[in-house]
Amino acid sequence: MDVTVILDAIPLLIEQGLRLTLELLFLSLAVGLVFAVLIALMRLSGIPGVAHAAYAFVYFFRSTPLLVQFFLIYYGLGQFRPELQAVGLWQFFREPFWCAITALTFNTAAYTSEMIRGGIQSVPHGQIEAARACGMSRVTVFRRIVLPLAIRQALPAYSNEVVLMLHATALASTITLMEMTGLAGRIASRTFDPVSAYVAVGLIYLVITLLLTRGLKWIEWKSTAYLRPRDG
Amino acid sequence: MDFALLTLGDTGWGDELLRGLVTTVALAVLSYLLGIVLGLIGAFGKLSGRRGIRLLAEGYTTVVRGIPTLVLVFIIFFGLEAAIGSALDAFGYTGQVFLDAFTMGVIAIGLLSGAYSTEAIRGALVAIPAGQIEAARAFGMPPRLIFRRITLPLLLRIALPSLGNVWQLTLKDTSLISVMGLTDLMRQAFVAGNSTREPFTFFLAAALLYLVVSAVTNRLFDVAERRFSRGVRRA
């Protein structure tokens, strides 16, 4: 391990790799969150086929390694190239970036839907009754009462998920993407000092992790402000 | 998809996949056990009265949980042999140190598993009612006996649900060692998919095998949880 290699690698990694890492992270988190709400609603819908399909989706993505999911989509879908070309999806799944986004999105959707489901189920019955009594429609009740309370309940677990997703983006390097970990691999082979290259990238991840955790703690604190006594 | 490729024997890849599965499970079990040991040390370290030990344990979990597992695996695989080599140098041993992929895999995934176990065990240790320990002490039990008869059974009861989650995480993360060339389930699926040009078939088969192992072991943890909660009154 060589300190000068680490110090040279850090700015390079940030300049050329950080952007892609953050794009992977935030794009998949955003799309995944929308899917997660839909899946949670499907599971709670009580409609037999729909609820089971959502459960199967969640179960599959939570009990298989993320690496398998990456390879299943990136290498695996090539097996169905003619079919995908016929429906025009091949353009999409040919790109490693979109394969990574798909894998990360499905993965976080599966985990997050469980948090949201738990959150929705924890909403006190009286709150919903009160909203109904005020004459709100079901959609309004969901938008104004259930969802905000559910999100607040799910937030601590979701903070953890954000950090895990940051770390999950590193797997994109296994399907040829040059995000920070992929870039570290390139630096490793150029400098013949893999340990320094990976320590450098590890330090960057560590700092981002700590910043994310801090930021999310702050949001949690803000979102529960109404539960604290007013100061002074 | 040609499912005949998944049969056992010379024409199918079923036996290769199963052999990979054995490696995967062995790697996961050994890493998990190493993780439990590290977790016990880490948890007592975090609750230690000595500041240095506390900081060391805190640093261990923060670093391991703060970087991607893949990066941790790379650092271990590229750096461990040299690190052990130079440590042995200090004792006058100058030979080469060589560790195979399986051993390094156990160490890398064990370190990861240990960091999560530390949190699980620490949480459980804190949750043990002080009165239980006091009562045992009042009976005149020596510390070791207290640990065996009071702390450990209570610890298992409280920590088992989280330790079950750590096991699932450990099992899934073993797949990363395939990147370093260990012929586990993931690697076998990769090789089979490449040579038959049916990667989806084999990655799906591998995914389902992981799923089955995860489901079966989940059951085992449920049984264990019930067994260690025999004394708890349920509403």
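Since every read-out is calculated from the coordinates, none of them should be taken as a lab result. These numbers were taken from a predicted model, which means no experiment stands behind them. Don't worry about glycine lacking a Cβ; one is built from the backbone with ideal geometry, like all the others, and counts go over all protein chains shown.
Per 20 Å bin, what is the whole-percent P(r) computed from every C-alpha pair distance within the protein assembly as shown?
Distribution as computed: 20, 54, 25, 2, 0 percent.
Do the sum for chain A: with -39,500 (n - 2.57) for every DSSP H run of n ≥ 4, divided by all residues, what is the mean residue ellipticity at 222 nm, to the nearest 500 deg cm²/dmol?
My calculation for chain A gives -26000 deg cm²/dmol from helical runs alone.
Taking the C-alpha atoms of the stretch A:3-227, how large are the radius of gyration and the largest Cα-Cα span, Dmax, in Å?
My reading of the Cα-based Rg and Dmax gives 20.7, 70 Å.
Would you look at the GNM of chain A, springs on alpha carbons closer than 10 Å, and say which of A:P65, A:P11, A:P82 moves the most?
Sorting by GNM fluctuation, first place goes to A:P82.
Rounded if a/c is under 1.5, else prolate if a/b is larger than b/c, else oblate: which is the stretch B:46-113, with a ≥ b ≥ c the root eigenvalues of its Cα gyration tensor?
It is oblate, given that a/c is not under 1.5 and a/b is not larger than b/c.
If you count, for every residue in B:177-184, the Cβ atoms of partner chains within 10 Å of its Cβ, what is the mean?
1
Pick from A:A157, A:A170, A:A130: which is most flexible by mean-square fluctuation in a GNM of chain A where alpha carbon atoms under 10 Å apart are linked?
A:A130
Let me check against my output: what whole-number percent is the relative contact order of the stretch B:1-107, with C-alpha pairs under 8 Å and at least 6 apart?
22 percent
Taking each residue in B:202-210, count the Cβ atoms of any other chain within 10 Å of its Cβ, then average. What number comes out?
Across the residues of B:202-210, the mean count of other-chain Cβ atoms within 10 Å is 5.
Cβ neighbours within 10 Å, averaged per peptide: list B:188-194, B:158-164, B:133-139 in order, most packed at the top.
B:188-194, B:158-164, B:133-139
Please list, by residue number, everything in the stretch A:180-222 whose backbone N is under 17 Å from a paramagnetic label point 7 Å out along Cα→Cβ of A:R19.
A:180-184
Starting from the Cα of A:K222, draw a straight line to each of the aspartates and glutamates and keep only those under 17 Å, dropping any in the same chain fewer than 8 residues away.
Output for A:K222: A:D231.
I'd like the chymotrypsin sites (Phe, Trp or Tyr not before Pro) in the stretch B:31-103 restricted to DSSP loop residues with at most 13 other Cβ atoms within 10 Å, sorted by number.
Those satisfying the criteria are B:F91, B:Y93, B:F98.
Starting from the Cα of A:K217, draw a straight line to each of the aspartates and glutamates and keep only those under 17 Å, dropping any in the same chain fewer than 8 residues away.
A:E161
Starting from the Cα gyration tensor of chain B, take the square roots of the eigenvalues, sort them a ≥ b ≥ c, and report rounded, prolate or oblate (rounded when a/c is under 1.5, otherwise prolate if a/b is larger than b/c, else oblate).
In terms of gyration-tensor shape, oblate.
Is there a simple number for the mean count of other chain Cβ atoms within 10 Å of the Cβ of residues in B:73-84, and what is it?
Mean partner-chain Cβ count within 10 Å for B:73-84: 4.
With a point put 7 Å past each Cα toward its Cβ, work out how far B:R230 is from A:E95 in nm, to one decimal.
Going by the 7 Å Cα→Cβ label model, 6.0 nm.
Taking springs between alpha-carbon atoms closer than 10 angstrom, which of B:A90, B:A26, B:A205 fluctuates most in the Gaussian network model of chain B?
It is B:A90.
Can you tell me the length gained on complete extension of the stretch A:T213 to A:I10, counting 0.36 nm per residue apart and subtracting the Cα distance?
Full-extension gain reported as 71.0 nm.
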